[in-house]
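Engineer: Starting off with a structure, shown below.
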Amino acid sequence: MARRPLIAANWKMHKTVQEAKSFVAALLPKIAAVRDRDVLICPPFPLIHAVDQARRDTPILLGAQNMYFADSGAFTGEVSGPMLKDLHCEFVILGHSERRWVFGETDELINKKVLAAITHGLIPILCVGEKIEEREQNLTEQVILNQLDLGIKNVPENVIGTMVIAYEPVWAIGTGRNASAKDAHDAIALIREFIHSRFGSGAADKLRILYGGSVKPENMATYMREEGIDGALVGGASLDPESFAKLVTY
Ligand code: 13P
C-alpha cells in the first residue's frame, strides 16, 4: 500500500509571530508544485494562529508540539486538545524526547495525551527512541517497543492506522549525528512489525512512520529511499524556509 509521505517541521521553541508569517510566505512558492506528499508545520503555541492564517487555502498542515490530556480546568500553563482543535490544528506531537527527558513525561502520561488527542480528532505523532546509553547496552529494540506499547495502550484498533509514529533516537536529535539509513530502516521495520503482529496488516500498512534526528537536505533522500520510512520529523533544518523546502522536495 502506498503511503503518502509526511514531512513535518518541529520548530521547538523558536520564532516570533512575524518570523513565522515570513517563513510561510517564503516557503509556499518553493513547494507550490508538490502534490504527492503532506507538509506539516508544528509551531510553538503562541504562533499557531499566525501560521494557521498564513497557510489558509494552502495544502500546509498544522500541528502542535504538545498538549495536556484534560479538556479544561486548573492546569496552569497547559493547553488542551479542544483548544488546539479550535485553532485548527490537525496533528499534535506527543512524547517527544525533550518532553520525556527535559520535562519528565512518563509513558503513562504520554498515553493519556494520545488517547485525549484521538478523542478530540487530532492525529497524534507519537515519538519513540532510545538514549545513547540504551543503544550501547543493546536495549534499542526493547526501549522502542516498550515506549510504543505503553504509548498506544487502549488506542482503538481502527484508529491505529491513522496515527503517526516518529522514530527519533535521542542521541541523533540536534547533534548532527544522524542515524544511518539502515538503523532508521531497522527501527521503523521493528515498529511496523509490532503493529502488524498486534493489529494486522490493515493498520500496519496504513500507519505512517517517520524518522527524526539531524535530518538535513543532504541526508533526506537517503532516508526516503528506504522501504518503510514514510517521511521525516525535522527540528533545526525546518527553521529556514530554503532548507525546509529542500527537505519537502527531496
Ligand atoms: P533535529 O532535526 O534538530 O535533530 O531535531 C529532531 C527533532 O527532535 C524533531 O522532532
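Engineer: Need the C-alpha centroid separation for the range 137-162 versus the range 60-104, integer Å.
Structural biologist: Centre-to-centre distance over Cα atoms comes out at 19 Å.
Engineer: Could you list which residues have their amide H under 5 Å from that of Leu6, counting only those 5 or more apart in sequence or on another chain, with H placed in the peptide plane?
Structural biologist: The answer is Asp38, Gly231, Ala232.
Engineer: Mean separation of Cα pairs under 8 Å and 6+ residues apart, divided by the residue count of the chain: what relative contact order is that in percent?
Structural biologist: So the answer I get is 21 percent.
Engineer: Quick one: length gained pulling Phe103 to Lys85 fully straight, 0.36 nm per residue minus the C-alpha distance?
Structural biologist: Contour length minus Cα-Cα distance gives 4.1 nm.
Engineer: Please compare each pair in Lys30/Lys113; Lys12/Lys112; Lys30/Lys131; Lys21/Lys131 to a cut-off of 32 Å on the Cα-Cα distance and tell me which ones are over it.
Structural biologist: Lys30/Lys113; Lys30/Lys131; Lys21/Lys131
Engineer: Can you put Glu98, Glu226, Glu193 in order of Cβ neighbours within 10 angstrom, beginning with the fewest?
Structural biologist: Placing the least packed residue first, the sequence is Glu193, Glu226, Glu98.
Engineer: Same structure, new question: By count of other Cβ within 10 Å, fewest leading, how are Trp11, Trp101 ordered?
Structural biologist: Ranking Trp11, Trp101 by Cβ neighbours within 10 Å, fewest first, gives Trp101, Trp11.
Engineer: What value, in deg cm²/dmol to 500, does the helix sum -39500 (n - 2.57) over DSSP H runs of n ≥ 4 give at 222 nm once divided by the residues of the chain?
Structural biologist: Value at 222 nm, helices only, nearest 500: -11500 deg cm²/dmol.
Engineer: So, one more: Using Cβ counts within 10 Å as a stand-in for footprinting exposure, how do His120, His96 rank, fewest first?
Structural biologist: The fewest-first ordering by Cβ neighbours comes to His120, His96.
Engineer: Looking at the range 32-84, which trypsin sites (Lys or Arg not before Pro) are in a loop (DSSP not H, G, I, E or B) and have at most 14 other Cβ atoms within 10 Å?
Structural biologist: Arg35, Arg56
Engineer: Let me ask something additional. Give the peptides 203-215, 172-184, 155-167, 70-82 in descending order of average Cβ contacts within 10 Å, highest first.
Structural biologist: 203-215, 155-167, 172-184, 70-82
Engineer: I want to check the label-to-label distance for Gln142 and Asp57. Put each point 7 Å from Cα in the C-beta direction and report it in nm to one decimal.
Structural biologist: 5.6 nm
Rule-based calculations on the coordinates, nothing more; no lab input. The structure displayed is predicted, hence computed values, not measured ones. In this analysis, Cβ positions are derived from the backbone assuming ideal geometry, glycine residues included, and neighbour counts consider all displayed protein chains.
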